[in-house]
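Trainee: Mind looking over this structure? Questions follow.
The values are calculated or read from the model by the stated rules, or taken from the named source; none is laboratory data. What you see is a predicted model; the values in this text were computed from it and never measured. Here the Cβ is made from the backbone with ideal geometry for all residues, glycine too, and neighbour counts use every protein chain on show. Ligands, DNA and RNA are excluded from the accessible area calculation, which covers all protein heavy atoms including side chains. Shrake-Rupley method; radii C 1.70, N 1.55, O 1.52, S 1.80 Å.
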Amino acid sequence: MSTSLKHEGLREGVSRFDLLRLFEHTAKPTFGLSRTAISLIRHVIGRTQDGDYKSGAVCAVWTKVSTMADQLQLTSRSINNAERELEAAGFIKRTCGGNGARYGSRVDGCVKFAAGINLAPLIERYDELLEHSKTLALISQAIDQCKSEIRALSKQIRQIDAYAAAKADKILPRGRTSRIKELSGLESIKANLLEVLEALANGSGEKKTSGASEENFSPNILNKYIHKSSRPQRIRATSKDIPRVRPKAAPQITPNLIMAIASKGYQSIIQMYGGANWPSIVEVSSQLAISMGIDQSVWGRACECFGREIAALCVAIIHRNQERDKNHPYHAKQAQPCLLGMITKQRQGAFDLNALIGGTLANENLFEGARL
């Protein structure tokens with residue numbers, strides 16, 4: 001039995017090949033799809049028409065399995081396996097007839113009915129694929145940055161003496177990072193190299209530690225920059241519970257509070273750095289600032305004005321609002337002017353961090369936040 005399976009269409013300005021590029025970018029790292037499944041989607045999209053991706057249209061092909069197998073130089077069994085894989089992952093819908101037959105009709109360029117492979121599920125997931133692609137791009141940027149820092153640290157250690165070079169070789173033989181793909185592994189290497197460099201600088205192999213917990217650390221700078229507000233309520237966030245409104249309570253800035261405020265993309269990057277802690281949050285905000293269009297000089301001014309932790313919080317809030325739909329009332333069109341505005345208000349004594357966080361967390365939806 002055939003079915004139309006119409007869809008809502010791609011957004012204006014997005015082509016079927018834009019959809020294909022997003023799928024190819026995310027299929028393997030995010031969804032673990034096989035090369036055959038990716039090739040099959042590429043083959044199917046190539047046999048559709050631009051009009052098939054408009055709202056209310058049917059986007060489908062009804063090529064026989066044996067024919068596709070010949071065209072892709074694969075076996076029919078491989079094609080069937082790939083189709084089942086894609087259907088299980090929610091990217092296609094198979095609408096073959098009762099006996100497995102495939103057929104369809106296209107009139108004046110429009111598919112009227114089809115029993116075969118329907119791409120409506122893939123089309124409807126465009127926005128999801130776009131978010132996954134952005135996250136992967138940020139992770140890739142973080143990996144490249146970390147590799148660059150490792151090379152610089154390794155070079156610095158090797159220039160000290162042969163003993164220092166031997167210490168570096170034990171951590172990273174020949175200083176090569178090309179085969180390391182996981183950010184967590186790179187961060188571990190970077191931390192070990194920093195430890196070696198610090199020990200050499202101090203003339204000791206002892207590791208410096210801090211008795212304070214990073215998770216519960218609250219920057220002292222907060223008391224200096226929070227001003228009184230005419231609003232009757234304040235937000236107090238704990239490290240274990242979802243923040244809730246309490247009368248006249250100033251917010252306690254913790255990594256968990258920032259994670260509650262942050263976008264899903266920001267949260268994903270933090271997890272790649274080993275979880276929510278102050279060093280990770282400052283590092284992620286610093287790197288995200290570049291991709292958001294914030295000059296490093298402006299990021300430096302924010303750190304000087306607020307302190308690194310509060311500056312990281314400001315970037316996290318701007319990043320979340322920048323990812324909103326363009327029609328959303330809290331959408332941040334440009335990140336750098338937002339951060340500059342915060343710096344200017346702080347220097348004028350008009351920046352109310354308490355109100356900014358309170359407006360963010362007191363909203364009906366935890367991820368619907370304050371206007372910047």
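Trainee: Being in contact (Cβ under 8 Å) with a residue 12 or more places away in the chain, part of a loop (DSSP other than H, G, I, E, B), farther than 29 Å from Ser140 by Cα and in contact with a Leu (Cβ under 9 Å, 6 or more places away or on another chain) is the requirement here; does Thr63 meet it? So that I can check it myself, show each step before the final result.
Mentor: Details: in contact (Cβ under 8 Å) with a residue 12 or more places away in the chain: yes; part of a loop (DSSP other than H, G, I, E, B): yes; farther than 29 Å from Ser140 by Cα: yes; in contact with a Leu (Cβ under 9 Å, 6 or more places away or on another chain): no.
No.
Trainee: I've got another one for you. If only one of Ile235, Ile189, Ile180 is surrounded by 12 or more Cβ atoms within 10 Å (Cβ to Cβ), among the β-branched types (Val, Ile, Thr), modelled with pLDDT of 85 or more and under 30 Å from the mean Cα position of the chain (by Cα), which one is it?
Mentor: So the residue among Ile235, Ile189, Ile180 that is surrounded by 12 or more Cβ atoms within 10 Å (Cβ to Cβ), among the β-branched types (Val, Ile, Thr), modelled with pLDDT of 85 or more and under 30 Å from the mean Cα position of the chain (by Cα) is Ile189.
Yes or no, residue by residue, for (1) part of a helix (DSSP H, G or I); (2) at pLDDT 85 or above; (3) of a type in the set (Ser, Thr, Tyr); (4) on the phi < 0 side of the Ramachandran plot:
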| site | (1), (2), (3), (4) |
| --- | --- |
| Gln271 | yes, no, no, yes |
| Asn321 | yes, no, no, yes |
| Asp325 | no, no, no, yes |
| Pro337 | yes, yes, no, yes |
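Trainee: Quick one: which residue in Arg308, Arg320 is touching a residue at least 12 places away in the same chain (Cβ under 8 Å) and open to solvent by 40 Å² or more (accessible area, probe 1.4 Å)?
Mentor: Details: Arg320 fails: open to solvent by 40 Å² or more (accessible area, probe 1.4 Å).
Among Arg308, Arg320, only Arg308 is touching a residue at least 12 places away in the same chain (Cβ under 8 Å) and open to solvent by 40 Å² or more (accessible area, probe 1.4 Å).
Trainee: Scan (1) modelled with pLDDT under 85; (2) part of a loop (DSSP other than H, G, I, E, B) for the single condition Arg246 breaks and write down its number.
Mentor: Unmet condition: (2).
Trainee: Can you tell me which residues in segment 8-50 are open to solvent by less than 20 Å² (accessible area, probe 1.4 Å) and of a type in the set (S, T, N, Q)?
Mentor: Scanning segment 8-50 gives Thr26, Thr48.
Trainee: Consider segment 51-84. How many of its residues are under 17 Å from Arg125 (Cα atoms) and either open to solvent by less than 60 Å² (accessible area, probe 1.4 Å) or among the hydrophobic types (A, V, I, L, M, F, W, C) (or both)?
Mentor: Initial filter on segment 51-84 (under 17 Å from Arg125 (Cα atoms)): 52-60.
Imposing the further condition that a residue be either open to solvent by less than 60 Å² (accessible area, probe 1.4 Å) or among the hydrophobic types (A, V, I, L, M, F, W, C) (or both) reduces the set to 52-53, 56-60.
Of the residues in that region, 7 qualify.
Trainee: Out of (1) within 24 Å of Glu87 (Cα to Cα); (2) part of a helix (DSSP H, G or I), what's the single condition that is false for Tyr163?
Mentor: That leaves (1) as the condition not met.
Trainee: Only one of Lys155, Lys134, Lys112 is over 30 Å from Lys326 (Cβ atoms), among the charged types (D, E, K, R) and in a helix (DSSP H, G or I); which?
Mentor: Working: Lys134 fails: over 30 Å from Lys326 (Cβ atoms); Lys112 fails: in a helix (DSSP H, G or I).
Step by step, each of Lys155, Lys134, Lys112 is checked, and only Lys155 is over 30 Å from Lys326 (Cβ atoms), among the charged types (D, E, K, R) and in a helix (DSSP H, G or I).
Trainee: Is there any pair with a first residue in segment 285-303 that is closer than 11 Å to Leu340 by Cα and assigned to a helix (DSSP H, G or I) and a second that is open to solvent by 60 Å² or more (accessible area, probe 1.4 Å) and not charged (D, E, K, R) whose Cβ atoms are under 9 Å apart and which are 6 or more apart or on different chains, and what are they?
Mentor: Every condition considered, the pairs that remain are Trp299/Ile290.
Trainee: Does Gly275 satisfy the condition of being over 19 Å from Ser140 (Cβ atoms) and not in a helix (DSSP H, G or I)? Spell out the reasoning first.
Mentor: Numbers: over 19 Å from Ser140 (Cβ atoms): yes; not in a helix (DSSP H, G or I): yes.
Here the answer is yes, as Gly275 does meet what is asked.
Trainee: Scan segment 85-102 and give yes if some residue there is among the hydroxyl-bearing types (Ser, Thr, Tyr) and surrounded by 16 or more Cβ atoms within 10 Å (Cβ to Cβ), otherwise no. Before you say what the answer is, go through the steps one by one.
Mentor: Just the residues of segment 85-102 that are among the hydroxyl-bearing types (Ser, Thr, Tyr), to begin with: 95.
From the residues that got through so far, the ones that are surrounded by 16 or more Cβ atoms within 10 Å (Cβ to Cβ) too are 95.
Yes, the conditions are met somewhere in segment 85-102.
Trainee: Also, I was wondering about something else. If Ala289 satisfies all but one of (1) modelled with pLDDT under 75; (2) crowded, with 16+ Cβ neighbours inside 10 Å, what's the number of the condition it fails?
Mentor: With respect to (1) modelled with pLDDT under 75; (2) crowded, with 16+ Cβ neighbours inside 10 Å, Ala289 is out only on (1).
Trainee: With the checklist (1) within 28 Å of Lys28 (Cβ to Cβ); (2) open to solvent by 20 Å² or more (accessible area, probe 1.4 Å); (3) touching a Leu at 6+ places or on another chain (Cβ under 8 Å) in hand, flag the one item Leu136 doesn't pass.
Mentor: The failed condition is (3).
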